[in-house]
Amino acid sequence: MNGILVVDKPTGITSQIVISAVRKVTGERRVGHCGTLDPLASGVLPVMVGKATKACEFLMDHEKTYTASIRLGVTTDSEDITGQVLTTHDGPLPSFAEFRAAAETFVGEIEQVPPMYSALKQNGQKLVDLARQGITVERAPRKVIIHSIRAYEQDGEFLLDVHCSRGTYIRTLCAELGRILGCGACMSALRRTSVGQFSVAQSIPLESMRTYSPEQAEEALIPLEKLFTHLPEATLPPFFARLYGNGERIALEKLRSAFPQEAQKEQLYRVYTPDGRFTLGEVTEWNGKPVFGAKIFF
């Protein structure tokens, strides 16, 4: 089996449990997810099956959307409600109007310091493992982009809909929002509603997927090519297509007619080899000249 299963992960379990469930249903050992969801979080978890595992790095770069619930007046060491409480606010909490105004200031490019309770590694060790030992280390801030943010109130609870770039920590965003408001805050719930083109609407609840037969799982797989429909397709002449399929790099000057527009360096292209294999091609440089070759074969 080769393709993508979009699973709706429930709260209370790790992303690795989803991977184990997909392996059991499909019988395929090559399974990986794109973008970990913590046990507290639910929602869209794209799972790559078979040869599609080679494409994980590409899906990781896609934009994401989330819905987060925020608890004002409380800070924790993990920046979410599961952590150890550090401070509680003694006094009136901000109004919704103040909350919304503060949230809207985050739109655009911002810097975030990754939380200690994260899977990032420093000197070969995960930050979360150090945090559990009571160790805090310096972390360099990273630039992320908040494309949009919508604050709203529901049943007395303050929530955020966030559209953001890769690498954005929503709980860090919540904690920073609390700092700006002067009362402190932590994330109380999180649901990922989309990863790139994959949304909750097309995801399969984990418990439903557990009941699938291998045939049902195979039918539910999204073809890997769907992940790259936004890329231009390069159609190579038969002779050069065979060379390309054998892993050869071809001088770009010989392939001008193969591209839908002028070929750009480091631009990825969808390419099919004569035997039907789907690949990603890329313009690079060889001996000082631009060449075209396969970046990855699926």
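The values are calculated or read from the model by the stated rules, or taken from the named source; none is laboratory data. Here the structure is a predicted model, which is why all the values come from computation and not from measurement. We place every Cβ from the backbone using ideal geometry, glycine too, and count neighbours over all the protein chains shown. Just the protein is used for accessible areas: all its heavy atoms, side chains included, with ligands, DNA and RNA removed. Shrake-Rupley method; radii C 1.70, N 1.55, O 1.52, S 1.80 Å.
Just a yes or no: is a residue in segment 167-177 open to solvent by less than 70 Å² (accessible area, probe 1.4 Å), free of Cβ contacts under 8 Å to residues at least 60 places away in the same chain and over 11 Å from S69 (Cα atoms)?
Taking segment 167-177 and keeping what is open to solvent by less than 70 Å² (accessible area, probe 1.4 Å), we get 167-177.
Next, from what is left, pick out any that are free of Cβ contacts under 8 Å to residues at least 60 places away in the same chain: 167.
Now drop any that are not over 11 Å from S69 (Cα atoms), which leaves 167.
Scanning segment 167-177, I find at least one residue that is open to solvent by less than 70 Å² (accessible area, probe 1.4 Å), free of Cβ contacts under 8 Å to residues at least 60 places away in the same chain and over 11 Å from S69 (Cα atoms), so the answer is yes.
Is segment 89-99 home to any residue that is over 22 Å from L159 (Cα atoms) and either in contact with a Phe, Trp or Tyr (Cβ under 9 Å, 6 or more places away or on another chain) or hydrophobic (A, V, I, L, M, F, W, C) (or both)?
No, there is no match, as no residue in segment 89-99 is over 22 Å from L159 (Cα atoms) and either in contact with a Phe, Trp or Tyr (Cβ under 9 Å, 6 or more places away or on another chain) or hydrophobic (A, V, I, L, M, F, W, C) (or both).
Each row is one residue, and each column tells you yes or no for (1) touching a Phe, Trp or Tyr at 6+ places or on another chain (Cβ under 7 Å); (2) hydroxyl-bearing (S, T, Y); (3) under 20 Å from V18 (Cα atoms).
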position	(1), (2), (3)
E215	no, no, yes
L221	no, no, yes
L224	yes, no, yes
L236	yes, no, no
Y244	no, yes, no
E248	no, no, no
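So, F58, is that one aromatic (F, W, Y), in a helix (DSSP H, G or I) and open to solvent by 20 Å² or more (accessible area, probe 1.4 Å) or not?
On the way: aromatic (F, W, Y): yes; in a helix (DSSP H, G or I): yes; open to solvent by 20 Å² or more (accessible area, probe 1.4 Å): yes.
In short, yes.
One line per residue, one yes/no per condition, for (1) more than 16 Å from the chain's Cα centre (by Cα); (2) assigned to a loop (DSSP other than H, G, I, E, B):
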| residue | (1), (2) |
| --- | --- |
| F158 | yes, no |
| V162 | no, no |
| C183 | yes, yes |
| R192 | no, no |
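Considering only segment 65-85, state which residues are open to solvent by 30 Å² or more (accessible area, probe 1.4 Å), in a strand (DSSP E or B) and touching a residue at least 60 places away in the same chain (Cβ under 8 Å).
Looking only at segment 65-85, we keep the residues that are open to solvent by 30 Å² or more (accessible area, probe 1.4 Å), and these are 65, 67, 71, 75, 77, 79, 81-82, 84-85.
Those still in the list that are in a strand (DSSP E or B) too: 65, 67, 71, 75, 85.
Of everything in segment 65-85, those that are open to solvent by 30 Å² or more (accessible area, probe 1.4 Å), in a strand (DSSP E or B) and touching a residue at least 60 places away in the same chain (Cβ under 8 Å) turn out to be T65, T67, R71, T75.
Being closer than 19 Å to P290 by Cβ, touching a helix residue (DSSP H, G or I) at 6+ places or on another chain (Cβ under 8 Å) and in a loop (DSSP other than H, G, I, E, B) is the filter; apply it to segment 206-265 and report the residue that is most open to solvent (accessible area, probe 1.4 Å).
T235
Name the residues in segment 9-39 that are of a type in the set (A, V, I, L, M) and modelled with pLDDT of 95 or more, would you?
So the first thing to find is which residues in segment 9-39 are of a type in the set (A, V, I, L, M), and the list is 13, 17-19, 21-22, 25, 31, 37.
Residues satisfying the conditions are I13, I17, V18, I19, A21, V22, V25, V31.
Return the only residue of E153, E109 being modelled with pLDDT of 95 or more, more than 25 Å from G35 (Cα to Cα), in a strand (DSSP E or B) and not aromatic (F, W, Y).
Values: E109 fails: more than 25 Å from G35 (Cα to Cα).
Selected residue: E153, the only one of E153, E109 that is modelled with pLDDT of 95 or more, more than 25 Å from G35 (Cα to Cα), in a strand (DSSP E or B) and not aromatic (F, W, Y).
In segment 97-106, what residues are touching a helix residue (DSSP H, G or I) at 6+ places or on another chain (Cβ under 9 Å) and either in a loop (DSSP other than H, G, I, E, B) or free of Cβ contacts under 8 Å to residues at least 40 places away in the same chain (or both)?
Initially, segment 97-106 is screened for residues touching a helix residue (DSSP H, G or I) at 6+ places or on another chain (Cβ under 9 Å), giving 98-99, 102-103, 105-106.
Within segment 97-106, T105, F106 qualify.
For segment 127-147, what are the residues that are assigned to a helix (DSSP H, G or I) and open to solvent by 70 Å² or more (accessible area, probe 1.4 Å)? Before you say what the answer is, go through the steps one by one.
Step one: of segment 127-147, the residues assigned to a helix (DSSP H, G or I) are 127-132.
The answer is R132, and nothing else.
For N123, which of the numbered conditions (1) open to solvent by 30 Å² or more (accessible area, probe 1.4 Å); (2) at negative phi fails to hold?
(2)
What residue, of F99, F158, is farther than 26 Å from F58 by Cβ, at pLDDT 95 or above, open to solvent by 20 Å² or more (accessible area, probe 1.4 Å) and among the aromatic types (F, W, Y)? Give the derivation first.
Numbers: F99 fails: open to solvent by 20 Å² or more (accessible area, probe 1.4 Å).
Result: F158 is the single residue among F99, F158 that is farther than 26 Å from F58 by Cβ, at pLDDT 95 or above, open to solvent by 20 Å² or more (accessible area, probe 1.4 Å) and among the aromatic types (F, W, Y).
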